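To start, the structure itself, in structure tokens.
Values in this text are rule-based calculations from the coordinates and carry no lab data. These numbers were taken from a predicted model, which means no experiment stands behind them. Glycine also receives a Cβ, built like all others from the backbone with ideal geometry; neighbour counts cover every protein chain displayed.
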Amino acid sequence: MTALSALIRRDIRIALRVGGGALIGVLFFLTVVVLMPFAVGPDLALLSRLGPAILWLGALLASLLTLDRLFMADHEDGSLDLITMSRTPLELACAAKALAHWLAAGLPLIVATPVLGLLLNLDMVATGAVALTLLAGTPALTFTGMIGAALAVTLHRGGLLMAVLVLPLSIPVLIFGVAASQAVIVGPMTFGAPFSILCALSLVSLVVGPFAAAASLRHGLD
Amino acid sequence: MSLGPYASFIVTSYAAAAAVVAILIGWIVLDYRSQTQRLRELEERGITRRSGRSATELR
Amino acid sequence: MRLSGHGLRCVRGGREVFAGLEFAAASGQAVAVTGRNGSGKTSLLRLIAGLLVPAAGTIALDGGDAELTVPEQCHYLGHRDALKPALSVAENLVFWADFLGGERSDAAESLAKVGLDHATHLPAGFLSAGQRRRLSLARLLTVRRPVWLLDEPTNALDVAGQDMFGSLMREHLAAGGLIVAATHAPLGIESRELRIGGVA
Amino acid sequence: MTLIDLANPTRFLALTARVLPWLAAATVILLAIGLYQSALAPDDYQQGATVKIMFIHVPNAWLSMFVWGVMSIASLGTLVWRHPLADVAAKAAAPIGASFTFLALLTGSLWGRPMWGTYWEWDARLTSVLILFLMYLGLMALWRAVDDPSRAARAAAVLTLVGAINLPIIKFSVDWWNTLHQPASVMRMGGSALDKSFLIPLLVMAIAFTLLFVTLHLAAMRNEILRRRVRSLQMMQASRIAFSGESGSRGEGASNEVGAA
């Protein structure tokens with residue numbers, strides 16, 4: 001346990017220090033969401049209808065695009081070798097890294113949601129629903145995105161390739177995340193059904209993500 | 001002076017401005033203290049500037 | 001304790017690096033792996049460290065902790081320092097000590113041994129290449145592991161640093177540890193030579 | 001005291017220490033007068049008492065642009081004149097500018113709520129200020145992303161100047177976009193048609209806030225100079241460590257490693 005908490009603490013510390021990128025994700029989220037009205041038009045009624053979708057897309061892109069350095073930095077400076085050799089199972093180490101990333105980069109997105117909800121003319125209930133679905137859904141994004149980050153190390157390519165690999169995997173999360181938020185705002189579905197599927201998706205990715213990432217890292221090291 | 005039906009908005013605006021300016025001042029003061037503190041620590045370890053002058057001295 | 005490899009074959013990128021490699025080292029012994037560039041010195045170390053999978057052959061550590069795998073009982077000091085420039089010297093070292101776990105000694109003491117005790121709170125990014133190497137060595141001292149796998153360990157170290165490193169290696173061997181080092185330069189301690197890739 | 005004299009950071013620190021108390025005092029006095037006058041200002045016949053929000057909204061909106069202007073001049077100083085304090089000035093101004101811009105947005109939306117019925121309207125002015133705010137945040141992120149301040153300075157200077165050129169274009173585009181969708185602007189504050197009873201407090205507040213900025217900016221610049229001294233001393237310390245081995249009791253012999261300074 002000390003090993004994992006040490007890893008989590010280190011990653012969060014690096015993310016928050018000078019040169020770290022924890023808050024750039026939030027800034028990206030903000031910028032993407034602000035761009036939308038310029039394409040859609042400033043019609044508040046329309047924006048509030050599209051609001052959950054815009055927020056979800058923004059959060060999806062922000063949480064996936066910040067992921068591509070998750071293993072790359074550790075690979076470049078040799079830390080990944082030591083992590084692989086250590087007595088901590090690589091799966092757990094991967095899970096710890098993903099958790100640290102979610103705490104440093106995912107949680108701020110959820111905190112920023114109410115402000116953006118204001119810009120998109122969402123009312124309190126709708127904003128709360130979006131924030132809640134993001135809270136349940138972003139772990140799934142981080143943990144599936146982690147697989148792409150591990151592949152990026154293996155293939156020595158980051159950036160767009162990773163996005164292309166991971167974005168299709170995140171479609172289910174997007175579907176149920178937006179569906180659950182829309183259910184609160186317009187109906188006719190109940191909030192419960194899509195939300196529990198969303199939670200299930202998160203739980204599944206919590207299990208599958210670390211194993212897939214660890215497997216791809218193990219085979220990719222050379 | 002009566003602020004009318006929207007008093008809370010006016011008060012909030014002024015309060016927010018005061019709060020943000022207070023945070024700015026607080027940040028600048030704390031930052032100043034921590035930087036001078038670190039300079040003093042470095043000096044105690046015998047690390048001085050090439051000019052030989054004290055780094056914290058302002059005059 | 002005895003570290004040995006039998007019939008090791010290493011294939012990288014479809015090219016056979018070496019085959020039928022045998023080696024053995026017992027407690028208190030150092031093996032200097034030599035050979036021309038590309039002969040597979042680094043590959044051998046990475047095979048032992050479990051970072052590469054041998055195409056054939058086995059690696060065994062007799063007399064080690066039966067609960068642990070061979071890599072878990074090794075220190076690997078590669079070309080890259082595994083240091084984060086944003087963290088301080090002490091934070092870097094304490095992180096690895098916490099993460100790697102097992103028996104450990106005082107981090108401050110190790111830093112003093114490698115001559116970095118005045119830099120504990122400086123960001124690692126301020127260190128020179130030689131100082132970074134010293135910090136990596138402090139990791140080997142802080143966390144106890146019987147087997148040290150060293151890849152060109154004296155790179156970037158100055159003469160004084162090499163002397164310091166020599167005495168640290170001697171201490172480690174005297175305490176019953178063993179060392180496998182890939183090197184061009186003389187290791188500075190008594191060692192058996194394992195020449196791979198044949199005579200050029 | 002000329003600009004050349006100010007190039008010496010030590011002399012700049014001395015000047016700052018002398019000037020800051022006076023500046024702070026002037027700021028406090030002017031702010032007090034401005035606040036008093038705005039409290040006495042009459043209600044607007046259309047907007048009622050909410051017009052009082054204008055007295056802080058407008059100075060902040062003015063500063064949001066003024067600070068970018070200051071940073072642009074500082075950026076020219078970095079790129080063209082290579083004035084040693086220019087990038088210190090640019091870096092120190094960014095968070096202060098961002099704070100004022102944030103206040104302009106916040107007070108704008110609080111002012112808009114009674115007028116529009118919502119906190120946020122994609123009104124051309126507010127939207128432009130929002131984009132400006134994002135650019136401030138991006139600039140701060142750039143400063144943070146690069147460890148070496150002199151390297152970050154170049155990049156930030158280029159971005160600031162590009163921003164300065166782009167801002168009018170953005171403003172124009174947003175205006176066009178806005179009128180395309182909403183023929184009638186929701187809120188019109190006649191600029192020069194403002195009554196004298198509003199104009200004087202507004203001017204006093206604007207000057208007071210500008211003075212506040214100058215005070216904070218000088219103090220933040222002083223911090224930045226000290227931060228850089230800490231940094232360079234730490235670098236010196238890092239390169240000196242090897243020598244401390246010399247006097248160590250372990251007798252490992254002298255090391256003459258100098259380290260990357």
Query raised in the report: Taking θ as phi - 60°, what are the ³J(HN,Hα) couplings along the stretch A:4-13 by the Karplus curve (6.51, -1.76, 1.60), each to the nearest whole Hz, with x for Gly and Pro?
Result: 5, 5, 4, 5, 5, 4, 4, 5, 5, 4
Report task. Report ³J(HN,Hα) in whole Hz for each residue of the stretch A:130-142, in order, from the Karplus equation J = 6.51 cos²θ - 1.76 cosθ + 1.60 where θ = phi - 60°; Gly and Pro get x. Result -> 4, 4, 5, 5, 5, 4, 7, x, 5, x, 4, 4, 5
Query raised in the report: After finding the eigenvalues of the alpha carbon gyration tensor for the stretch C:1-129, what semi-axes result from the square roots of 5 times each, listed largest first in whole Å?
Result: 32, 19, 13
Query - Set of lysines near D:K196 by C-alpha distance (under 28 Å), chain-local residues within fewer than 8 positions excluded - result: D:K52
Report summary line: Hydrodynamic calc, the stretch D:40-109: Kirkwood Rh from Cα pairs, then Stokes-Einstein at 37 °C with viscosity 0.692 mPa s, so D in µm² s⁻¹ is 242
Query - Bins of 5 Å from zero: percent of alpha-carbon pairs in the stretch D:1-160 - result: 2, 8, 14, 15, 16, 15, 12, 8, 6, 3, 1
Query raised in the report: When we measure straight from the Cα of A:K97, which lysines land under 24 angstrom away, once same-chain ones fewer than 8 places off are left out?
Result: C:K84
Query raised in the report: For chain A, what size does the Cα cloud have along each of its three principal axes, sorted from largest down, in whole Å?
Result: 55, 36, 31
Query - Antiparallel content of DSSP bridges confined to the protein assembly as shown, in %, to 5 - result: 50
Report summary line: Shielding of C:97-105 by other chains, given as the mean Cβ count within 10 Å, works out to 5
Query raised in the report: Amide H to amide H, which residues 5 or more places from C:V17 or on other chains are under 5 Å from it, using H placed in the peptide plane?
Result: C:C10, C:V11, C:R12
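Under Stokes-Einstein, with the Kirkwood radius over Cα pairs standing in for Rh, what whole-number D in µm²/s applies to the protein assembly as shown at 37 °C and 0.692 mPa s?
Details: Rh = 29.5 Å.
Translational D for this selection: 111 µm²/s.
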Report summary line: Toy charge model, Lys and Arg Cβ at +1, Asp and Glu Cβ at -1: chain A dipole around Cα centroid in debye, rounded to 20, equals 240
**Report entry** Per-residue ³J(HN,Hα) for the stretch D:93-106, Karplus 6.51 cos²θ - 1.76 cosθ + 1.60, θ = phi - 60°, Hz, x for Gly and Pro
**Finding:** 6, 4, x, 5, x, 4, 5, 5, 5, 4, 5, 4, 5, 5
Query raised in the report: In chain C, which whole DSSP H runs stretch at least 18 Å along their own axis (Cα) and average -1.0 or higher on the Kyte-Doolittle scale?
Result: C:129-142, C:159-174
Report task. State the Kirkwood hydrodynamic radius of the stretch C:85-196 in Å, one decimal place, computed from all pairs of distinct Cα atoms. Result -> 14.5
Query raised in the report: How about C:K41: which aspartates and glutamates have a C-alpha closer than 14 Å to its C-alpha, ignoring those fewer than 8 places off in the same chain?
Result: A:D222, C:E16, C:E22, C:D151, C:E152, C:E193
Query - Candidates C:A24, C:A86, C:A156, ranked by Gaussian network fluctuation over chain C, Cα under 10 Å, top entry - result: C:A86
Query raised in the report: How long are the three semi-axes of the equivalent ellipsoid for the stretch D:81-140, computed from the Cα gyration tensor as the root of 5 times each eigenvalue, in whole Å, largest first?
Result: 31, 10, 7
Query raised in the report: Amide H neighbours of C:G177 under 5 Å, counting only residues 5+ apart in sequence or on other chains, H built in-plane at 1.01 Å?
Result: C:G28
Query raised in the report: Pick from A:G148, A:G159, A:G51: which is most flexible by mean-square fluctuation in a GNM of chain A where alpha carbon atoms under 10 Å apart are linked?
Result: A:G159
